[in-house]
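J.: Structure provided below as structure tokens; questions to follow.
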Amino acid sequence: MGSERKSFLGKLKAGLAKTREILVKNIDNIILGEKVIDQRLFEELEEALITADVGPAFTYDLIERMKEQVKRKELNSPELLKSVLRDHMREILGKNESPLLLPPHELFTIMVVGVNGTGKTTTIGKMAYSFKEGGRSVLLAAADTFRAAAIEQLEVWSQRVGVPLIKQKTGSDPSAVVFDALHAAKFNKIDTVIVDTAGRLHTRVNLMEELKKMKRIMGRELPGAPHEILLVLDATTGQNAITQAKMFNDEIGVTGIIITKLDGTAKGGVIIRIAREFNIPIRYIGIGEGLDDLRRFDSKEFVNAIFGEN
């Protein structure tokens, strides 16, 4: 394993320490010294899983699976419950592990959506860096025209990564920014456009209409665009991340999810709930502030990190 990969895995394991504490250690404490698997043990497990934010649907499936295995005499020791949990997590997350594949020599457009404060703009900067490192040309579009700070933040990232930015003044029509960006990309033969969008939930209806209009304009100017609608969710918000995923998916259609701020949160289990309940590909996870701390999601790595394994 390369040293860079090793250091990322170490960082992931360290970042998920609080999640591990609330999920794995709680389960260890429940099964410690237990000799039999009975209803009381299942009830305690259920409570521990719900507390760890993995969600009621995953918890129900898992407990039912465990009960079935006990009935078939495949599960006769409390210690084995942990391996059933690990396998079930891998299975659910594995179904949602789907890297973002960008076609070579073709203009590919990504619309990034999410609530303000999730780390959306920073995530866009890191994606731009990753694509550029991979040999692609990138253009950023500052279509969150509602907040001057959002435009400025994206400008800082465009300079840091060394990619062009299309912007207009605060209060401009976001769709006009998108229109300009697509034309600039076509004219300059740029192969990747990443669009930053607003995330002001207090004007939810206006926001969704704005996003739908941008999506229409992109499709009109470039058939098939946007090719990807990525939703950025902040792991630390737990239940709120679920509400946001439902809302954005219902309103605009989400093709991929990025989960940020996994480092240092006890709510990392929310990724399992998102995977189980929405079945939307998890493209990337974010575990820090560094340029290369946004990584392609790998379900096996993630589960190993939760269990403190290599």
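The values are calculated or read from the model by the stated rules, or taken from the named source; none is laboratory data. Note that the structure is predicted; figures quoted are calculated from it, not measured. Neighbour counts run over all protein chains shown; Cβ positions are idealised from the backbone, glycine included.
J.: Can you say whether residue 241 is in contact (Cβ under 8 Å) with a residue 12 or more places away in the chain and outside any helix (DSSP H, G or I), as far as the supplied structure shows? Don't jump to the end; show me each part of the working.
T.: Values: in contact (Cβ under 8 Å) with a residue 12 or more places away in the chain: yes; outside any helix (DSSP H, G or I): no.
No, not satisfied.
Okay, residues lined up against (1) free of Cβ contacts under 8 Å to residues at least 24 places away in the same chain; (2) closer than 27 Å to residue 250 by Cβ:
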| site | (1), (2) |
| --- | --- |
| 28 | no, no |
| 53 | no, yes |
| 72 | yes, no |
| 111 | no, yes |
| 132 | no, no |
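J.: What are the residues in the stretch 116-149 that are more than 18 Å from residue 101 (Cα to Cα), of a type outside the set (Gly, Ala, Ser) and not in a loop (DSSP other than H, G, I, E, B), if any?
T.: Answer for the stretch 116-149, where residues must be more than 18 Å from residue 101 (Cα to Cα), of a type outside the set (Gly, Ala, Ser) and not in a loop (DSSP other than H, G, I, E, B): 120, 121, 122, 140.
J.: Can you work out which of the residues in the stretch 183-224 that are among the polar types (S, T, N, Q) and without any contact (Cβ under 8 Å) to a residue 60 or more places away in the chain is surrounded by the fewest Cβ atoms within 10 Å (Cβ to Cβ)?
T.: Step by step, filter the stretch 183-224, then rank; the result is 188.
J.: Taking the stretch 78-103 as the region of interest, how many residues are in a loop (DSSP other than H, G, I, E, B) and without any contact (Cβ under 8 Å) to a residue 24 or more places away in the chain?
T.: The number of residues fulfilling the criteria is 2.
J.: Further question on the same structure: Tell me, yes or no, whether the stretch 188-201 has at least one residue that is within 29 Å of residue 246 (Cα to Cα) and over 23 Å from the mean Cα position of the chain (by Cα). Show your work before the answer.
T.: From the stretch 188-201, those within 29 Å of residue 246 (Cα to Cα) are 192-201; that's our starting set.
Next, from what is left, pick out any that are over 23 Å from the mean Cα position of the chain (by Cα): none.
Scanning the stretch 188-201 turns up no residue that is within 29 Å of residue 246 (Cα to Cα) and over 23 Å from the mean Cα position of the chain (by Cα).
J.: When you look at residue 287, is it over 27 Å from residue 211 (Cβ atoms), buried (at least 23 other Cβ atoms within 10 Å of the Cβ) and under 12 Å from the mean Cα position of the chain (by Cα), yes or no? Write out each step before concluding.
T.: Values: over 27 Å from residue 211 (Cβ atoms): yes; buried (at least 23 other Cβ atoms within 10 Å of the Cβ): yes; under 12 Å from the mean Cα position of the chain (by Cα): yes.
Criteria met by residue 287.
J.: Does residue 50 fit the bill of being modelled with pLDDT under 95 and either farther than 26 Å from residue 29 by Cβ or in contact with a Pro (Cβ under 9 Å, 6 or more places away or on another chain) (or both)?
T.: In short, yes.
J.: Any chance you could count how many residues in the stretch 162-174 are assigned to a helix (DSSP H, G or I) and surrounded by fewer than 21 Cβ atoms within 10 Å (Cβ to Cβ)?
T.: Here the count works out to 0.
J.: Another question about this same structure. All but one of (1) touching a helix residue (DSSP H, G or I) at 6+ places or on another chain (Cβ under 9 Å); (2) part of a helix (DSSP H, G or I); (3) over 29 Å from residue 243 (Cα atoms); (4) of a type in the set (Asp, Glu) hold for residue 34; state the number of the condition that does not hold.
T.: (2)
J.: Could you tell me which numbered condition residue 166 fails, if it satisfies all but one of (1) touching a helix residue (DSSP H, G or I) at 6+ places or on another chain (Cβ under 7 Å); (2) modelled with pLDDT under 95; (3) aliphatic (A, V, I, L, M); (4) farther than 28 Å from residue 282 by Cβ?
T.: Of everything listed in (1) touching a helix residue (DSSP H, G or I) at 6+ places or on another chain (Cβ under 7 Å); (2) modelled with pLDDT under 95; (3) aliphatic (A, V, I, L, M); (4) farther than 28 Å from residue 282 by Cβ, residue 166 misses just condition (2).
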